[in-house]
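The values are calculated or read from the model by the stated rules, or taken from the named source; none is laboratory data. No experiment lies behind these values; they were computed from the predicted model shown. Every residue, glycine as well, gets a Cβ built from its backbone with ideal geometry; the counts of neighbours run over all protein chains shown. Side chains are part of the model used for accessible areas, which takes the heavy atoms of the whole protein and leaves out ligands, DNA and RNA. Shrake-Rupley method; radii C 1.70, N 1.55, O 1.52, S 1.80 Å.
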Amino acid sequence: MNDVTEKTGWLARMRSGLSRSSEKLAQNLSFMVGGGRIEAEDLESVEEALISADLGPTVAARIVSKLAEARLAGEIDVSRVRQVAADEIAAILAPLAMPLLVTAFPRPHTILVVGVNGTGKTTTIAKLAHNFQEDDYAVMMAAGDTFRAAAVEQLKVWGDRLSIPVISGKPDADAAGLAFTAMEQARASGRDVLLVDTAGRLQNKAGLMDELAKVRRVLGRQQPGAPHDTILVLDATTGQNALSQIEIFREVAGVTGLVMTKLDGTARGGVLVAAAEKFGLPIHAIGVGEKLGDLRPFDARAFASALTGA
């Protein structure tokens, strides 16, 4: 499969993954279909439609402000509403679209991966590892979610499939101690990248905070600047709940960037725009499925067009 065909297929799948959001927006704009033109009194309804698509009130207000300006220059229809929305969303997202780069020297470049259990965090680590491997980096993974035996076993399975070593310990082992061992072994074996899984038990926020802070301290003592990235994995189906997850993990773990998963047709992808506007965190990648190649660097314009149906 050539690069053009592969990219076209990926864009089609992303558009399909965001179909729930774009269809919801279309339904909420259906009041405009009759005359095909938008009047001044319709702008409030358009704003409500945008908020209902999980874009959030601030982003919705920004788009409506642009629509009001466009109206003064001439009447606009539904397709123009979609295009203005896509342009504004792309403008919000584009400065935050940043690929995850391996920059640390000396190696390894250490990435702490955090998120609520069930977001696809462990699978995302495997996909990131695969992507780094494709770029000829030597990778190691650490099964630091020691609270969940299933997470440890899942990462081991991925490690076997990818021929990537996975450092693990006994159930309920000290996560910081495991991170220490993983860093030692990554350095000794000349690994370029170390990906560290973590627990995601928000119901015990204080304990989680202490655990993640300890992991960060241990890594930092072994290698100044580590962890070099702290990535929060978000589940696109959770909608506005993703905002509270960002708030908590930014406080708990010092999150430096985002990855969004499960853009699979049930997604409420508009929340990524609300998150970008509110927190301004880099968006590294999005995932549209379970396969290893289903996690790709974030493309702001393509995402905005798919989200709005423009």
Take region 261-310 and flag every residue that is farther than 11 Å from Ile89 by Cβ, among the polar types (S, T, N, Q) and open to solvent by less than 20 Å² (accessible area, probe 1.4 Å). Thr261
Could you please give the count of residues in region 133-150 that are open to solvent by 10 Å² or more (accessible area, probe 1.4 Å) and either part of a helix (DSSP H, G or I) or at pLDDT 95 or above (or both)? 8
Of the listed residues (Leu219, Leu202), the one being open to solvent by less than 60 Å² (accessible area, probe 1.4 Å), more than 19 Å from the chain's Cα centre (by Cα) and over 30 Å from Ala12 (Cβ atoms) is Leu219
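Each row is one residue, and each column tells you yes or no for (1) touching a Leu at 6+ places or on another chain (Cβ under 7 Å); (2) open to solvent by less than 60 Å² (accessible area, probe 1.4 Å); (3) touching a residue at least 12 places away in the same chain (Cβ under 8 Å).
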{"residue": "Val116", "(1), (2), (3)": "yes, yes, yes"}
{"residue": "Thr119", "(1), (2), (3)": "yes, yes, yes"}
{"residue": "Ile125", "(1), (2), (3)": "yes, yes, yes"}
{"residue": "Ala129", "(1), (2), (3)": "yes, yes, yes"}
{"residue": "Val152", "(1), (2), (3)": "no, yes, yes"}
{"residue": "Asp172", "(1), (2), (3)": "no, no, yes"}
{"residue": "Thr181", "(1), (2), (3)": "no, yes, yes"}
{"residue": "Arg187", "(1), (2), (3)": "no, no, yes"}
Among Gly239, Gly257, which is the only one that is more than 20 Å from Asp54 (Cβ to Cβ), among the small types (Gly, Ala, Ser) and open to solvent by less than 10 Å² (accessible area, probe 1.4 Å)? Gly257
Might you check whether a residue that is surrounded by fewer than 16 Cβ atoms within 10 Å (Cβ to Cβ) and β-branched (Val, Ile, Thr) occurs anywhere in region 157-169? yes
As an exercise: evaluate Ser79 against (1) open to solvent by 30 Å² or more (accessible area, probe 1.4 Å); (2) touching a helix residue (DSSP H, G or I) at 6+ places or on another chain (Cβ under 6 Å); (3) farther than 24 Å from Leu234 by Cβ and give the number of the one condition it does not meet. (2)
When you scan region 162-202, how many residues do you find that are in a helix (DSSP H, G or I) and touching a strand residue (DSSP E or B) at 6+ places or on another chain (Cβ under 7 Å)? 7
Scan region 37-60 for residues that are assigned to a loop (DSSP other than H, G, I, E, B) and within 21 Å of the chain's Cα centre (by Cα) and jot them down. Ala53, Asp54, Leu55, Gly56
Looking only at residues in region 31-51 that are open to solvent by 50 Å² or more (accessible area, probe 1.4 Å) and hydrophobic (A, V, I, L, M, F, W, C), which one is modelled with the highest pLDDT? Ile51
